[in-house]
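These notes concern the structure reproduced below.
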Amino acid sequence: MRLGRKSRAAVVVVAFAALAGTALASPAAAAPPGNCDTRLNTGNPQSVDAWCSAGTGLVRAKAVCRTDTASQATTTVYGKWVAVNRDNSVSIAFCTSTYPLVKTKSYETA
């Protein structure tokens, strides 16, 4: 069977689109941060360490700090974003002298 001019053009367009789609396919998604943990440092003021030992991406420490154990007044502080799954890659969130005690500790990932 012989294809006409329009049919040949359609076949070329479809073949090109198929090849382009293969070439532009996105790579597999990277593994999200995993095995993350936090640690309370009991200095004065207190601080929170956060790290992740698996996956890829970033992590940062988050601490909600308060003035004293009876106070409801709080402020939230964050550590710097650091790469996960790297030796000695730890984010530290420092409470301030005005809000020196950690009320809650956690982390965020990106």
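Observations on the model:
- Computed Kirkwood radius, in angstrom, where 1/r is averaged over Cα pairs of the stretch 54-110: 11.9
- The amide H of CYS36, built 1.01 Å from its N in the peptide plane, has SER53 as neighbours under 5 Å, considering only residues 5 or more places off or on other chains.
- Each residue of the stretch 86-96 was assigned a 3J(HN,Hα) from its phi angle through the Karplus expression (A = 6.51, B = -1.76, C = 1.60, θ = phi - 60°), giving 10, 4, 6, 9, 10, 9, 10, 9, 9, 5, 9 Hz with x at Gly and Pro.
Read-outs throughout are calculated quantities, based only on the coordinates presented, and are distinct from any laboratory measurement. Note that this is a predicted model, so its numbers are computed, not measured.
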